[in-house]
Every structure is written in C-alpha cells, then in structure tokens.
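A short worksheet on the structure shown next.
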Amino acid sequence: MKYAVAVLTLLLWAASAQPPDAFRFAIIGDRTGEAQPGVYERVWHDAAAENPAFVVGVGDTIEGLNDETADAEWQQVEKTLASWSRFPLYLAPGNHDIWSTRSEKLFQNYSGHPPHYSFDYAQAHFTVLDNSRSDQLSAAELTFLEEDLKEHNSQPLKFIVSHRPSWLLKAVLGDPNFRLHQIAKKYGARYIVAGHAHEMLHAELEGVDYISMASAGGHLRASGKYEDGWFFGYAVVDVKAKGAAIHIHELGAPYGQGRVTTLSDWGKAGLLK
C-alpha cells in the first residue's frame, strides 16, 4: 500500500512539473511542385517521431491543376497519411490544391476545413489564410484575419499561416508598411509562416517573425545548397507560456545530413554565417 501511494505521489509530481500550457507541434512545407519520390513520407516519419500534438501544413499537398485527376490524387494522399492519422493535420490551401471551383470543394472535403479558418490549441491561436489563387492576400482575406484576431485577442500566442509568402519582399526589405504586418502588430501575432518558395528563409520585422518553410518534397531550386535554404525538412515548435522555440530539422540520408538549427540561425538570404 505504501509503495502504491509513493508511486501515485511521484506521478502527480511529474504531472505538475510539466507546465499545463507546454506543447509541441510540427510544421511541414510543400509536398508538391515536382514532388521528389519518398521525401514527403520521410518528413512525416521523422516529424511523427517528435510526438507533436498536431501538424500544420503550408499547402501544395497534391500536384493538382487538373480537375479530372485531383480526386484521385487526394485519395492517394489519404493512403500515404494513414500511418500518421493519429496526428491532427491543419492544411493551408496551396496553388496546387485550389485553382477552380471543383478543386476548392475537394480541398474542403479532404482537408476537413474551408479555404480559410482558424483554431486554438491551449494558449495558442492559429489563423489559416487562403492565397492559393493570388500572389497577394486579398482584401477579403485580410478582413477575415483582422476579425479573427480581434475575436481571439485574449490568446497570448498567435500564428498566421498561408501558402504563398505574400509578405516576402516587404519583410526582406524591412518595410513595415503593409496591411498584413500592421494587423499582426495590432493584435500581437508573433509568427507568420508560408511555403511555396521551397526555401528556408527568416526575417524579423518589429518583433514579428516571418518564416518561409523548407520543402517537404517539392523540388529544390536555384543553387540547391543547404546554406541557401534549399533542403528537405520540417520544423518542430515547442510552445511554453507566451513564447515558442522553433527548430528546423533537415532530413538525414539519403535526402540530407540531418542538421538541426534554430530559427535564429536563418536570415533573409539563408543560413547566417
């Protein structure tokens, strides 16, 4: 009896030692855009080993762009992800996912979400925007963002996710004069994440971190060099209280060297020297 009480006491202590607002999630980049065989599956295998509470995807999940084949492509994605179905997946729509009325309906059916939506997890709020059919965020999307952040203003940690990095030029040039940034600042959104470029980049602007995710299968462009942000990988985000620590994981062999870096190791032109 004494042993059982001691064990129970130890378990209660261990539970209380872990902050109730601490959790981990993963972010994965584009699967497609000339998808490279085996990479997406390896990304999921490695990210799942980190035991995330959920996964956020920045879009381009199917090759798409063809109404006749899109349904079959989504079915194949479902089969691929069956091994990791225990992890809730929150997808942003990419330009390879939505390009027509029919493809929008398929995205909603298979992702379980409309093109734009939001969700909470513990003290964090996530707003997912739709710029699948435009290089810029439309006025309607920005209005949705502002209304959503206003409604969830009490959440201390806020992430904004979209497929295209519509903010890229402004963030790289250090120009805060654009509506997305002004809304983020007004409501305290800390992290703005996108894909599309297949390149790992990071710009900090007035306390807001802008993140372009590395590829999760889409082909690597330009120099193809790791230090320039061209590699296959994913991000692991550890949330505690009002902050988050983000680590960028490169895949190991045969797709990479398995290097792990922090977000602050990356800058506007790739890995900081």
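Under 11 Å from the Cβ of PRO114, count the other residues' Cβ atoms, weight Lys and Arg +1, Asp and Glu -1, and hand me the total.
-1
Could you tell me what percent of the DSSP beta bridges with both partners in region 33-167 are antiparallel, to the nearest 5?
Beta bridges within region 33-167, antiparallel portion: roughly 40 percent.
Residues with amide H under 5 Å of VAL56's amide H, sequence separation 5 or more or different chain, H placed in the peptide plane at 1.01 Å from N; which?
Distant-sequence amide H within range of VAL56: ALA26, ILE27, ILE28, TYR90.
Among PHE119, ALA139, SER100, pick out the residue whose Cα is farthest towards the positive end of the charge dipole of region 76-170, where Lys and Arg carry +1 and Asp and Glu carry -1 on C-beta, about the Cα centre.
The residue sitting farthest along the positive end of the dipole is SER100.
Trypsin sites (Lys or Arg not before Pro) within region 59-158: which are DSSP loop residues with at most 13 other Cβ atoms inside 10 Å?
Here the sparse-neighbourhood loop sites are ARG86.
Considering only DSSP beta bridges where both residues belong to the chain, give the percentage that are antiparallel (nearest 5).
Here the share of antiparallel DSSP bridges comes out near 60 percent.
Please get the size of the charge dipole for the chain, origin at its Cα centre, with Cβ charges of +1 on Lys and Arg and -1 on Asp and Glu, quoted in debye to the nearest 20.
Dipole size: approximately 820 debye.
Can you sort GLU68, GLU141, GLU63 by 1.4 Å-probe accessible area, starting with the largest?
The most accessible residue leads, giving GLU68, GLU63, GLU141.
Where both residues lie in region 151-244, what percent of DSSP beta bridges are antiparallel, nearest 5?
Roughly 45 percent of the DSSP beta bridges within region 151-244 come out antiparallel.
When all C-alpha to C-alpha distances in the chain are sorted into bins of 5 Å, what percent of pairs does each bin hold, rounded to whole numbers?
Calculated over all Cα pairs of the chain, the distribution is 1, 6, 13, 17, 19, 17, 13, 7, 3, 2, 2, 1, 0, 0 percent.
Can you tell me the accessible area per residue over the chain, all protein chains present, probe 1.4 angstrom, in square angstrom?
Per-residue accessible area for the chain comes out at 46 Å².
Report the label-to-label distance for GLN108 and GLU34 in nanometres (one decimal), using points 7 Å from each Cα along the Cα→Cβ vector.
Taking the two extended label points, one gets 3.4 nm.
Between beta-carbons, use under 9 Å as the cut-off and find the net charge around HIS163, counting Lys and Arg +1, Asp and Glu -1.
-3
Of TRP74, ILE183, TYR110, which is farthest along the charge dipole of the chain in the positive direction, counting Lys and Arg as +1 and Asp and Glu as -1 at C-beta?
ILE183
With n ≥ 4 as the cut-off for DSSP H runs, can you work out [θ] at 222 nm for the chain, using -39500 (n - 2.57) per run divided by the number of residues, rounded to the nearest 500?
It comes out at -8500 deg cm²/dmol, rounded to the nearest 500.
Evaluate the distance, in nm, between pseudo-label points positioned 7 Å from the Cα of THR80 and of HIS45 along their respective Cα→Cβ axes.
So the two model labels end up 1.4 nm from each other.
Sorted by packing (mean other beta-carbon atoms within 10 Å per residue), highest first, where do 21-31, 253-263 land?
21-31, 253-263
Can you give the relative contact order of the chain as a percent, counting alpha carbon pairs under 8 Å and 6+ residues apart?
20
The values are calculated or read from the model by the stated rules, or taken from the named source; none is laboratory data. The shown structure was predicted, so the numbers you read here are calculated from the model rather than taken from an experiment. Because the Cβ atoms are built from the backbone with ideal geometry, glycine has one as well, and the counts that use them run over all protein chains shown. Just so you know, the surface numbers come from the protein's heavy atoms only, side chains and all, with ligands and any DNA or RNA stripped out. Shrake-Rupley method; radii C 1.70, N 1.55, O 1.52, S 1.80 Å.
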